[in-house]
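The values are calculated or read from the model by the stated rules, or taken from the named source; none is laboratory data. The model shown is predicted, which means the values in this text are computed figures rather than measured ones. Methodologically, a virtual Cβ is constructed for each residue, glycine included, from the backbone with ideal geometry; neighbour enumeration extends over all protein chains shown. Areas reflect the complete protein model, heavy atoms only, side chains present, ligands, DNA and RNA absent. Shrake-Rupley method; radii C 1.70, N 1.55, O 1.52, S 1.80 Å.
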Amino acid sequence: MTICSAPGKIFLFGEHAVVYGGFAIACAIDLRTRVSIQGSLETSITSKLGRGINRHPYVLKAIEKMKMLAGFDGVKVKIDSEIPPGSGLGSSAAVTIATLSAINMEFDVGLSDEEIAELGHSVEREIQGAASPTDTFISTMGGVVLMPSRRRLKNLDCDIVIGDTGKTSSTKELVGRVSLLRERYPDIVHMIFNAIGAITRRGEHLIEEGDCSTIGELMNINQGLLESLGVGCPELSAQIYAARDAGAFGAKITGAGGGGCMVALVSHDRAEKVAKAIEEAGGHAIKTRVTEDGCGKG
Ligand code: PMV
């Protein structure tokens, strides 16, 4: 039996712009999905969602891809996840990458991390129709990463508080909404994406300098631009303002928006206060940190 775990992620900057080739910075967070794999004559999958292979399309697709490389009959899969599903924290990428990795080790397939990230991206593309490589890459490699170049940046020395609205949102629908806006106002949306790109490039240097306070300020500006793209919602706004008022360096939507999660960058001594403010504003607060650890054994 092999157990592998992989992290979820947040976007510090650049979601939506990254769909059109713009810059984005995303970080692996210390919330993980653990997958155990054991060879078996038939495939079975067990998780909190229950037993049954059809509840787990990503895992099933990952198994199908690995079967072509390793030629096993089936696998017994057990999934245990700390990442809330469907909330923009990369839960599907984490379960996909942990499954691919555990099968890779269990059957000595010999895939490199880069190959696992690439295979994970193809799983997401086939299940979702379209997906950027951000989630699967970060979940495989961990750390803070500039996209699309995949350059690894320094780790952030501060805490992260996530606010989950509990309102699921469809990435596909939100990306479609931005695409319609772009068709109607190409010149304006182009400038918004350019501004997000400029923020991200500044963010890149500030991360190298470890300047969390200014990174937070830029997250707030990025949030204004995400609002202008129409991906905000009242629940997210309430939590974002509550986090800022409670002393966060900055707070914004993470991921597609329209529901899902917001993220606040905070100093260690403020994390509790910010989490409480998010809860009072109606969110479910999750305190976490950026992690260097990508997918690995255990
Ligand atoms: O909500 P998430 O974690 O699926 O992030 C979506 C981010 C987008 O930039 C909107 C789409 C993408 O594939 O990068």
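Worth pointing out:
- Ordering PRO148, VAL59, PHE137 by the projection of their Cα atoms onto the charge dipole of the range 42-164, which places +1 on the Cβ of Lys and Arg and -1 on the Cβ of Asp and Glu, puts VAL59 at the extreme positive end.
- Absence of a disulfide-compatible partner, taken as no other cysteine beta carbon within less than 4.7 angstrom, is noted in the chain for CYS4, CYS27, CYS233, CYS261, CYS295.
- Probe 1.4 Å - accessible area at ARG270, Å² to nearest ten: 100 Å²
- Ranked by solvent-accessible area (1.4 Å probe, protein heavy atoms only, all chains present), the residues GLU15, GLU235 order from largest to smallest as GLU235, GLU15.
- Count Lys and Arg as plus one, Asp and Glu as minus one, and take only other residues whose Cβ is under 12 Å from that of VAL175; the net charge is then +1.
- Cα-centred dipole magnitude for the range 122-227, charges only on beta-carbon of K, R (+1) and D, E (-1), debye, nearest 20: 380 debye
- Structure remark: mean-square fluctuation, Gaussian network model of the chain, C-alpha springs under 10 Å; the largest value among ASP245, ASP113, ASP135 belongs to ASP245.
- Rolling a 1.4 Å probe over the protein heavy atoms of the range 110-220, with every protein chain left in place, gives an accessible area that is 51 percent carbon and sulfur.
- Backbone N under 15 Å from the SER112 label point (7 Å along Cα→Cβ), restricted to the range 130-151: 141
- Difference of contour (0.36 nm per residue) and Cα-Cα distance, TYR241 to LYS276: 11.3 nm
- Global geometry of the range 156-235, whether rounded, prolate or oblate, following the gyration tensor of its Cα atoms and the 1.5 cut on a/c: oblate
- Proximal charge balance of ALA277 [Cβ under 12 Å; K/R count +1, D/E count -1]: 0
- Two tests apply to each whole DSSP H helix in the chain, Cα reach of 27 Å or more along its axis and mean Kyte-Doolittle hydropathy of at least -1.0, and the ones passing both are 186-209.
- Taking amide H as placed 1.01 Å from N in the peptide plane, PHE249 has its amide H under 5 Å from the amide H of LEU265, VAL266, SER267, each at least 5 places away in sequence or on another chain.
- In the range 1-131, a dipole from Cβ-located charges (positive for Lys and Arg, negative for Asp and Glu) runs towards its positive end, and of THR99, ILE25, LEU111 it is THR99 whose Cα lies farthest in that direction.
- Solvent accessible area, Å² - LYS273, 1.4 Å probe, full protein context: 120 Å²
- Solvent-accessible surface of the range 245-296, averaged per residue with a 1.4 angstrom probe and all protein chains in place: 39 square angstrom.
- Placing +1 on each Lys and Arg Cβ and -1 on each Asp and Glu Cβ, with no other charges, gives the chain a dipole about its Cα centre of roughly 480 debye.
- Nitroxide proxy distance, nm - points 7 Å out along Cα→Cβ at HIS205 and LYS48: 4.2 nm
- Take every pair of alpha-carbon atoms less than 8 Å apart whose residues are at least six positions apart; their mean separation over the length of the range 230-298 yields a relative contact order of 30 percent.
- Value at 222 nm in deg cm²/dmol, rounded to 500, when DSSP H runs of n ≥ 4 in the chain each add -39,500 (n - 2.57): -14500 deg cm²/dmol
- Protein-only accessible surface order, largest first, of SER87, SER170 at 1.4 Å: SER170, SER87
- Ranking ILE286, ALA248, ILE79 by Cα position along the charge dipole of the chain, where only Lys, Arg, Asp and Glu carry charges on their C-beta atoms, puts ILE79 farthest toward the positive end.
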